[in-house]
Amino acid sequence: MTEIYTVERANQFIQKNKDEVNRKFKPKHHFSAEIGWINDPNGFVYFQGEYHLFYQFYPYDSVWGPMHWGHAKTKDFVNWEHLPVALAPDMPYDKDGCFSGSAIVKDDVLWLMYTGNVEQEDGTIRQIQNMAYSKDGIHFEKIAENPVATGDILPDELVKSDFRDPKIFEKEGRYYAVVAAKHQEDIGTIVLLGSDNLIDWEFESIFLKGTPEQGIMWECPDYFNIDGNDILMMSPMRVKQKHYDFKNINSSVIMTGKVDWNTKTFTLHNMKELDHGHDFYAPQSLEDDEGRCIVIAWLHTWGRQLPSHDLKHKWAGSMTLPRQLTYKDGQLLQTILPESLQSLSKIDVDDNPISSGVLEIDINGNLLMRFGSSDDYIDFGFDKEENLVYIDRKGLKRLPKGDETWEISERKVQIQAKKLLILFDSNSIEIIVNNGEESLSSAFYIDGEHYLQNLS
């Protein structure tokens, strides 16, 4: 018997069962759902004076399942208000999952564009693009014209069943969406769709075609421009490792380049790993009323164990603290937002035990910090001889293992570190290096009280 999913059923389940969640490892200041599984951030948007976050969500278990869109809003990115589920897989064109997508505001109406996942009787997959809208920002209606784009509009060189994760934006009165596709040559590709009214969509171009060393599939693409710099942000799978870069089997990158809007193609100049920690995937951006480009990501990645599921805590997954992206002296910087820092308590090495908060450290030489208990901990710091900032999870009792066949317990980034901003939460650490020049984000699950020690 086919299970029937609806928004009403999901909301009723959450209200009835959310108090059964074991909150032992649940973050205090990083967003997580009230119950169930979450992954990619979706529809990250500024609407009617507040920041809205939608996300891939399966409320009924702490593992990935038929995807819904969860929904929350905030004013400071630390304190979140949970809102009713926005989308459920309840239509023929999304019956096996409302996959990732994005949001845009038009005439004070909030529009969502998302991928419907359909498993056909012959075992093949269709991934098709759909639209929904809301006038109050809470209750959403799927349009009668769905689906608005299918794999049939793609050129034959692309795999029509790998066509997902639309990120919508407006340029000079026309709406566009960058969408992930897979090339027949088994490499990642981004296509561009266009529309005048958010309902009638057409294929515009192959925006950017990858190369074999850049991964076999590019997920969750995002296009934006900062200070005249055209940027593609995405999460490629199986990028070729290079020194300390791309040690995770699935990564997140910033591609800087230039768009020719006559041919609607992106010329790549540089590709850089966005975060050098263990857990940072599917970042998505918004532009707010102040013109700030703000990015949030899933603080996990595919193929890794989640102890909160293994321990039957009835929840899995959280988000990073959002970061503002800026350019300074030709370099892209990631900084924690002032309103978030104001909402977090400042901590010191002498403040023990520690559950959450923010710590600043000026680097004067080698640094070795330990966070956790005597036999269950992570190490992090700076190696002056090699100019490496690192997070080492080998000391964890519950060391999350993944699909990687190589050693992954330690992540590093090469940089001459002068200052670290460290964000602690119940199950995560985020390190911002030199006011945003680099970052490392990692999750952990440590029993008991957490103590911070300087072992340098």
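Exactly one residue out of TRP111, TRP80, TRP64 is in contact with a Leu (Cβ under 6 Å, 6 or more places away or on another chain) and modelled with pLDDT of 95 or more, and it is TRP111. Being modelled with pLDDT under 95, assigned by the TED database to the domain that holds VAL179 and basic (Lys, Arg): is that true of LYS242 here? Considered against the rule, which asks whether it is modelled with pLDDT under 95, assigned by the TED database to the domain that holds VAL179 and basic (Lys, Arg), LYS242 comes out as yes. Among the criteria (1) on the phi > 0 side of the Ramachandran plot; (2) in contact with a Gly (Cβ under 9 Å, 6 or more places away or on another chain), the one ILE231 does not fulfil is (1).
In this structure, does ALA180 turn out to be among the small types (Gly, Ala, Ser), in the same structural domain as PHE57 (by the TED database) and open to solvent by 30 Å² or more (accessible area, probe 1.4 Å)? Against the criterion (among the small types (Gly, Ala, Ser), in the same structural domain as PHE57 (by the TED database) and open to solvent by 30 Å² or more (accessible area, probe 1.4 Å)), ALA180 does not qualify. Among the conditions (1) out of contact with any Ser or Thr (no Cβ under 8 Å at 6 or more places or on another chain); (2) free of Cβ contacts under 8 Å to residues at least 40 places away in the same chain, the only one that MET131 does not satisfy is (2).
Yes/no matrix, rows are residues, columns are (1) open to solvent by 60 Å² or more (accessible area, probe 1.4 Å); (2) under 25 Å from GLN416 (Cβ atoms); (3) under 17 Å from the mean Cα position of the chain (by Cα):
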position	(1), (2), (3)
TRP302	yes, no, yes
PRO307	no, no, no
LYS312	yes, no, no
THR320	no, yes, yes
GLU339	no, no, no
ASP350	yes, no, no
SER356	no, no, no
ASP362	yes, yes, no
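The number of residues in the range 247-266 being in a loop (DSSP other than H, G, I, E, B) and among the aromatic types (Phe, Trp, Tyr) comes to 1.
If you filter the range 172-187 down to residues that are within 26 Å of ARG238 (Cα to Cα) and touching a Ser or Thr at 6+ places or on another chain (Cβ under 9 Å), you find that the one that is modelled with the lowest pLDDT is LYS182. Taking first residues from the range 144-158 that are in the same structural domain as ASN117 (by the TED database) and partners that are crowded, with 17+ Cβ neighbours inside 10 Å and assigned to a loop (DSSP other than H, G, I, E, B), the Cβ contacts under 7 Å between residues at least 6 apart in sequence or on separate chains come to ASN146/TYR93; PRO147/TYR93. Filtered by the rule that a residue be open to solvent by less than 10 Å² (accessible area, probe 1.4 Å) and more than 23 Å from the chain's Cα centre (by Cα), the range 15-44 gives no residues.
In summary, ASP329 fulfils each of the numbered conditions (1) more than 21 Å from the chain's Cα centre (by Cα); (2) farther than 23 Å from SER426 by Cβ; (3) open to solvent by less than 70 Å² (accessible area, probe 1.4 Å) with the single exception of condition (3).
Among the residues of the range 364-399, those identified as in contact (Cβ under 8 Å) with a residue 12 or more places away in the chain, within 20 Å of ALA443 (Cα to Cα) and surrounded by fewer than 15 Cβ atoms within 10 Å (Cβ to Cβ) are ASP375, LYS394, LYS397. Restricting the range 70-102 to residues that are within 18 Å of the chain's Cα centre (by Cα), open to solvent by less than 10 Å² (accessible area, probe 1.4 Å) and touching a residue at least 60 places away in the same chain (Cβ under 8 Å), the residue that is nearest to SER285 (Cα to Cα) is SER102.
Across the range 400-438, the number of residues qualifying as open to solvent by 20 Å² or more (accessible area, probe 1.4 Å), in contact (Cβ under 8 Å) with a residue 60 or more places away in the chain and basic (Lys, Arg) comes to 2.
Which of the residues that make up the range 105-139 are more than 16 Å from GLY65 (Cα to Cα), open to solvent by 20 Å² or more (accessible area, probe 1.4 Å) and either out of contact with any strand residue (DSSP E or B) (no Cβ under 9 Å at 6 or more places or on another chain) or among the aliphatic types (A, V, I, L, M) (or both)? If the condition is that a residue be more than 16 Å from GLY65 (Cα to Cα), open to solvent by 20 Å² or more (accessible area, probe 1.4 Å) and either out of contact with any strand residue (DSSP E or B) (no Cβ under 9 Å at 6 or more places or on another chain) or among the aliphatic types (A, V, I, L, M) (or both), then VAL105, ASP107, VAL109, GLU121, ASP122, GLY123, ILE138 are the ones that fit.
The values are calculated or read from the model by the stated rules, or taken from the named source; none is laboratory data. The structure presented is a predicted model; accordingly, all values stated were derived computationally and were not measured. Here Cβ is always computed from backbone atoms with ideal geometry, including for glycine, and neighbour counts include all displayed protein chains. Remember, those area values only see protein heavy atoms, side chains included, never the ligands or the DNA or RNA. Shrake-Rupley method; radii C 1.70, N 1.55, O 1.52, S 1.80 Å.
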